[in-house]
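Chemist: Quick one: the structure is below, questions incoming.
The values are calculated or read from the model by the stated rules, or taken from the named source; none is laboratory data. Note that the structure is a prediction, hence the values are computed from the model and not measured. All Cβ positions, glycine included, derive from the backbone under ideal geometry; neighbour counts span all protein chains shown.
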Amino acid sequence: MQSTAATVSEYLAELPDDRREVIEAIREVVLANLPTGYVEEMNWGMISYEVPLKTSGKTYNGKPLMYSALGNQKRHMVLYLCGLYCKPEIKKRFEADWAGSGKKLDMGAACVRFKKLDDLHLPAVKMAISAVSIEDFIAAVPKKK
């Protein structure tokens with residue numbers, strides 16, 4: 001369910017109450033752990049935490065580089081953690097931390113799917129969000145030719 005909301009406030013307002021509470025709680029975690037330089041915007045129909053184009057320069061698709069994002073889907077909510085793919089040790093640590101929590105990790109390529117806040121292992125999320133500086137993230141992304 002891609003939103004057409006222009007602002008984060010509009011996006012949150014259009015969510016059902018139960019999902020809004022969860023998205024707002026995770027948003028607070030993301031914002032509290034987001035390295036300096038990333039900005040919160042609406043992009044790709046979700047709340048996106050991204051590298052401004054003025055910082056990254058040209059990208060392969062002309063859009064800001066998405067570091068993380070938070071979205072509402074039909075059957076679940078999703079937290080994208082693109083920084084996990086910058087360094088293999090970050091992803092391994094994330095998966096090991098999550099496994100140690102006893103919670104089931106429902107993860108796609110860069111997204112963690114969940115239905116309620118308790119589905120998430122927040123210490124692993126905090127680590128993943130804070131793990132990659134904006135400079136390291138930019139350096140890890142293939143350059144436009």
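Chemist: Working only within the range 50-75, note down all residues that are in contact with a Phe, Trp or Tyr (Cβ under 6 Å, 6 or more places away or on another chain) and either among the aliphatic types (A, V, I, L, M) or within 14 Å of Val112 (Cβ to Cβ) (or both).
Modeler: Ser68, Ala69, listed by residue number.
Chemist: Yes or no: Arg113 at pLDDT below 95 and outside any helix (DSSP H, G or I)?
Modeler: No.
Chemist: Would you be able to say whether some residue in the range 120-127 is buried (at least 21 other Cβ atoms within 10 Å of the Cβ), in contact with a strand residue (DSSP E or B) (Cβ under 9 Å, 6 or more places away or on another chain) and free of Cβ contacts under 8 Å to residues at least 24 places away in the same chain?
Modeler: No, because not a single residue in the range 120-127 is buried (at least 21 other Cβ atoms within 10 Å of the Cβ), in contact with a strand residue (DSSP E or B) (Cβ under 9 Å, 6 or more places away or on another chain) and free of Cβ contacts under 8 Å to residues at least 24 places away in the same chain.
Chemist: Output the number of the condition that Leu105 fails; it satisfies all remaining conditions of (1) part of a loop (DSSP other than H, G, I, E, B); (2) exposed (fewer than 15 other Cβ atoms within 10 Å of the Cβ).
Modeler: Leu105 satisfies every listed condition except (2).
Chemist: While we're here: I'm checking my understanding of the structure. Among residues of the range 124-138 that are in a helix (DSSP H, G or I) and aliphatic (A, V, I, L, M), which one is nearest to the chain's Cα centre (by Cα)?
Modeler: Top of the filtered list is Ile129.
Chemist: Collect the residues in the range 13-27 that are more than 20 Å from Tyr67 (Cβ to Cβ) and either part of a helix (DSSP H, G or I) or in contact (Cβ under 8 Å) with a residue 12 or more places away in the chain (or both), keeping them in residue-number order.
Modeler: Listed by number, the residues that qualify are Ala13, Glu14, Leu15, Asp17, Asp18, Arg19, Arg20, Glu21, Val22.
So that you can scan it fast, the table gives a plain yes or no per residue for (1) in contact with a helix residue (DSSP H, G or I) (Cβ under 8 Å, 6 or more places away or on another chain); (2) of a type in the set (Phe, Trp, Tyr); (3) surrounded by 15 or more Cβ atoms within 10 Å (Cβ to Cβ):
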position: Asn33; (1), (2), (3): yes, no, yes
position: Met42; (1), (2), (3): yes, no, yes
position: Gly45; (1), (2), (3): no, no, yes
position: Glu50; (1), (2), (3): no, no, yes
position: Ser56; (1), (2), (3): yes, no, yes
position: Met66; (1), (2), (3): yes, no, yes
position: Asn72; (1), (2), (3): yes, no, yes
position: Arg75; (1), (2), (3): no, no, no
position: Leu81; (1), (2), (3): yes, no, yes
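Yes/no per residue for (1) among the aromatic types (Phe, Trp, Tyr); (2) at pLDDT below 95:
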{"position": "His76", "(1), (2)": "no, no"}
{"position": "Glu89", "(1), (2)": "no, yes"}
{"position": "Trp98", "(1), (2)": "yes, no"}
{"position": "Lys103", "(1), (2)": "no, no"}
{"position": "Ala109", "(1), (2)": "no, yes"}
